[in-house]
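J.: Take this structure, written in structure tokens, and hold onto it; I'll ask about it next.
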Amino acid sequence: MKIDIEFNSGAQLPMDAIPELARLAEEKGFDCAWGGEANNKDPTVMLAAIAAVTKRLKIGSAVYHILGRTPATLALQAVGFDELSQGRFLLGIGVSNPTIAGWHGVPFDRPLGRIKEYLKIVRQAMAGEKLKFDGKYFQAQGFKMAFKPSGRKIPIYLAAFGPQMSRAAGRLTDGVLINMANPGEVRRIVGEVRSGAGEVGKDPESLEIICKIRCCLAPTYERAREALGGVLTYYALADYYRDLLTRMGFGTEVEAMRAAWQASGFQAARALISDRLFEGLPVVAATSAEVIWAKIKQYQEAGVTRVILPYVPASEDVAGEVREFISAAGRLIAGKTT
């Protein structure tokens, strides 16, 4: 199992601190540095900076959403990352959600149909083909890169947690990116992904199963838990994660938090995070890296092949905390990864 890090999902890190932290992550044995896309700091800028100052560390998008750029633009970015990193880029994409669709003023409908067309165009463009695509959701006519791509295969992973999108990940891509799912739910998703792969004659065991586990390393459990509480509350209040959390058995807690939020605001909802909810989701409040490792092992046993560790700071010294986390986790990576 590979251990990765994600930078700046919460936008706390200064961008100019990331190259040095990426070099440290490479030194300590992390396999890939990921960046996600929402309204946080731009991951493309960050990933390019990381690629330029590292030699072994992979870079990955977790995830680019299909609502924010045309397929041709994504293809240009992907082959640019491939060239800059000399083959270290991992492309994670997702259909996103209604909130982000609203930010960009684009429709959010027929996600399965859209992702299928989008992926087809991206692959054609990355191969250097001249586009002539007239689909139901996307059109691309006449675009062709003005240079010859490397020809290397850029791995593509699809963000998914619903049954249909999980099967699509198995059919259409090299694996799945999973967010906010516990080991039991991961097992279900893995089954769907492998089922989808089998439907098109792919080896189900060849697919990458990638999962995020957010963590905080602090002097006390209470301080780390408090830091992670804001992230967990965000997901509990998001309409598009409601079904996932309910399916995992947390519907009562989620509805109570949503009611508190509507009545009294975010902090009122945050105050209702139960121990059961906190301990049942992929967030780790830790006082040592060994505690984080114990959680990781549960996901490995559920079928995960690559774990991404987005770090959530508990103090204002964000860069210092991330540096300490990388060093502490690196000591375990050196001795325990398989």
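The values are calculated or read from the model by the stated rules, or taken from the named source; none is laboratory data. Bear in mind that the values here come from a model prediction, so they are computed numbers and not experimental data. Neighbour counts run over all protein chains shown; Cβ positions are idealised from the backbone, glycine included. Side chains included, ligands, DNA and RNA excluded: accessible areas come from the protein's heavy atoms. Shrake-Rupley method; radii C 1.70, N 1.55, O 1.52, S 1.80 Å.
J.: Restricting the search to the stretch 129-182, which residues are among the small types (Gly, Ala, Ser) and under 15 Å from the mean Cα position of the chain (by Cα)? Spell out the reasoning first.
T.: At the first step, the residues of the stretch 129-182 found to be among the small types (Gly, Ala, Ser) are 135, 140, 142, 146, 150-151, 159-160, 162, 166, 168-170, 175, 181.
Within the stretch 129-182, Ala159, Ala160, Ser166, Ala169, Gly175, Ala181 qualify.
J.: Still on this structure, please answer the following. Name the single residue that is most open to solvent (accessible area, probe 1.4 Å) among those in the stretch 247-287 being of a type in the set (Asp, Glu) and farther than 16 Å from Tyr221 by Cα.
T.: Glu255
J.: Tell me, which residue of the stretch 77-97 that is in contact (Cβ under 8 Å) with a residue 40 or more places away in the chain and surrounded by fewer than 17 Cβ atoms within 10 Å (Cβ to Cβ) is nearest to the chain's Cα centre (by Cα)?
T.: Gly87
J.: Now for a separate question. If you go through the stretch 137-154 one residue at a time, do you hit one that is among the small types (Gly, Ala, Ser), in contact with a His (Cβ under 7 Å, 6 or more places away or on another chain) and open to solvent by less than 30 Å² (accessible area, probe 1.4 Å)? Walk me through how you get there before you give the answer.
T.: Keep residues of the stretch 137-154 that are among the small types (Gly, Ala, Ser), which gives 140, 142, 146, 150-151.
Checking the rest, the ones that are also in contact with a His (Cβ under 7 Å, 6 or more places away or on another chain) come to none.
Scanning the stretch 137-154 turns up no residue that is among the small types (Gly, Ala, Ser), in contact with a His (Cβ under 7 Å, 6 or more places away or on another chain) and open to solvent by less than 30 Å² (accessible area, probe 1.4 Å).
J.: Which one is surrounded by the most Cβ atoms within 10 Å (Cβ to Cβ), of the residues in the stretch 172-199 that are among the hydrophobic types (A, V, I, L, M, F, W, C) and closer than 19 Å to Pro111 by Cβ?
T.: Let us first name the residues in the stretch 172-199 that are among the hydrophobic types (A, V, I, L, M, F, W, C), namely 172, 176-178, 180-181, 186, 189-190, 193, 197.
Applying the additional criterion that residues be closer than 19 Å to Pro111 by Cβ yields 172, 176-178, 180-181, 189, 193.
Values: Leu172: 21, Val176: 30, Leu177: 28, Ile178: 27, Met180: 23, Ala181: 25, Ile189: 27, Val193: 28.
Among residues in the stretch 172-199 that are among the hydrophobic types (A, V, I, L, M, F, W, C) and closer than 19 Å to Pro111 by Cβ, the one surrounded by the most Cβ atoms within 10 Å (Cβ to Cβ) is Val176.
J.: Further, regarding this structure: Of the residues in the stretch 146-177, how many are touching a residue at least 60 places away in the same chain (Cβ under 8 Å) and of a type outside the set (Gly, Ala, Ser)?
T.: The qualifying residues number 10.
J.: Across the stretch 119-174, which residue is farthest from Gly36 (Cα to Cα) among those that are β-branched (Val, Ile, Thr) and in contact with an Asp or Glu (Cβ under 7 Å, 6 or more places away or on another chain)?
T.: Looking only at the stretch 119-174, we keep the residues that are β-branched (Val, Ile, Thr), and these are 121-122, 154, 156, 173.
From what's left, in contact with an Asp or Glu (Cβ under 7 Å, 6 or more places away or on another chain): 154, 156.
Numbers: Ile154: 18, Ile156: 15 Å.
Only one residue fits best here, namely Ile154.
J.: Another question about this same structure. Which pairs have Cβ atoms under 6 Å, sit 6 or more apart or on different chains, and link a residue in the stretch 23-36 that is within 12 Å of Arg56 (Cα to Cα) and in contact (Cβ under 8 Å) with a residue 60 or more places away in the chain to one that is open to solvent by 40 Å² or more (accessible area, probe 1.4 Å) and among the aliphatic types (A, V, I, L, M)?
T.: Gly29/Ala334
J.: Here is a further query. Any chance the stretch 311-321 includes a residue that's open to solvent by 60 Å² or more (accessible area, probe 1.4 Å), under 30 Å from Arg258 (Cα atoms) and within 19 Å of the chain's Cα centre (by Cα)? Steps first, please.
T.: Going residue by residue through the stretch 311-321, those that are open to solvent by 60 Å² or more (accessible area, probe 1.4 Å) are 316-317.
Cutting the leftovers down to under 30 Å from Arg258 (Cα atoms) gives us 316.
If we keep only those that are within 19 Å of the chain's Cα centre (by Cα) as well, we get none.
No: zero hits.
J.: So, in the stretch 99-123, of the ones that are of a type in the set (D, E, K, R) and not in a helix (DSSP H, G or I), which residue ends up surrounded by the fewest Cβ atoms within 10 Å (Cβ to Cβ)? Give the derivation first.
T.: We begin by selecting, within the stretch 99-123, every residue of a type in the set (D, E, K, R); these are 109-110, 114, 116-117, 120, 123.
If we keep only those that are not in a helix (DSSP H, G or I) as well, we get 109-110.
On the way: Asp109: 10, Arg110: 13.
Filtering the stretch 99-123 for residues that are of a type in the set (D, E, K, R) and not in a helix (DSSP H, G or I), the one surrounded by the fewest Cβ atoms within 10 Å (Cβ to Cβ) comes out as Asp109.
J.: Looking at this structure, is Leu228 in contact (Cβ under 8 Å) with a residue 24 or more places away in the chain, in a strand (DSSP E or B) and among the aliphatic types (A, V, I, L, M)? Even if it seems obvious, please write down each step before you answer.
T.: Details: in contact (Cβ under 8 Å) with a residue 24 or more places away in the chain: yes; in a strand (DSSP E or B): no; among the aliphatic types (A, V, I, L, M): yes.
No: the conditions fail for Leu228.
J.: Looking at the stretch 247-268, is at least one residue of a type outside the set (Ser, Thr, Tyr), in contact (Cβ under 8 Å) with a residue 24 or more places away in the chain and in contact with a Phe, Trp or Tyr (Cβ under 8 Å, 6 or more places away or on another chain)?
T.: First, pick out the residues of the stretch 247-268 that are of a type outside the set (Ser, Thr, Tyr): 247-251, 253-263, 265-268.
Checking the rest, the ones that are also in contact (Cβ under 8 Å) with a residue 24 or more places away in the chain come to 247-250, 253, 257, 261, 266.
So of that shortlist, the ones also in contact with a Phe, Trp or Tyr (Cβ under 8 Å, 6 or more places away or on another chain) come out as none.
So far as the stretch 247-268 goes, no, none of its residues is of a type outside the set (Ser, Thr, Tyr), in contact (Cβ under 8 Å) with a residue 24 or more places away in the chain and in contact with a Phe, Trp or Tyr (Cβ under 8 Å, 6 or more places away or on another chain).
J.: Of the residues that sit in the stretch 322-338 and are at pLDDT below 95 and not small (Gly, Ala, Ser), which one is most open to solvent (accessible area, probe 1.4 Å)?
T.: My answer is Arg331.
J.: Tell me, yes or no, whether the stretch 41-61 has at least one residue that is acidic (Asp, Glu), within 15 Å of Leu90 (Cβ to Cβ) and free of Cβ contacts under 8 Å to residues at least 60 places away in the same chain. Write out each step before concluding.
T.: Going through the stretch 41-61, the residues acidic (Asp, Glu) turn out to be 42.
Pick out the ones that are also within 15 Å of Leu90 (Cβ to Cβ) and you get none.
Within the stretch 41-61, none of the residues are acidic (Asp, Glu), within 15 Å of Leu90 (Cβ to Cβ) and free of Cβ contacts under 8 Å to residues at least 60 places away in the same chain.
J.: Identify, please: which residue in the stretch 62-74 is under 17 Å from His104 (Cβ atoms) and not in a loop (DSSP other than H, G, I, E, B) and is, among those, most open to solvent (accessible area, probe 1.4 Å)? Explain how you work it out, then say what you get.
T.: Applying the first criterion (under 17 Å from His104 (Cβ atoms)) to the stretch 62-74 yields 63-74.
After this cut, where a residue has to be not in a loop (DSSP other than H, G, I, E, B) as well, the list is 63-65, 71-74.
Values: Val63: 32, Tyr64: 3, His65: 8, Pro71: 12, Ala72: 19, Thr73: 58, Leu74: 3 Å².
Looking at the filtered set, the residue picked out is Thr73.
J.: Applying the selection to the stretch 43-57, what residues are modelled with pLDDT of 95 or more and buried (at least 22 other Cβ atoms within 10 Å of the Cβ)?
T.: Met46, Leu47, Ile50, Ala51, Leu57
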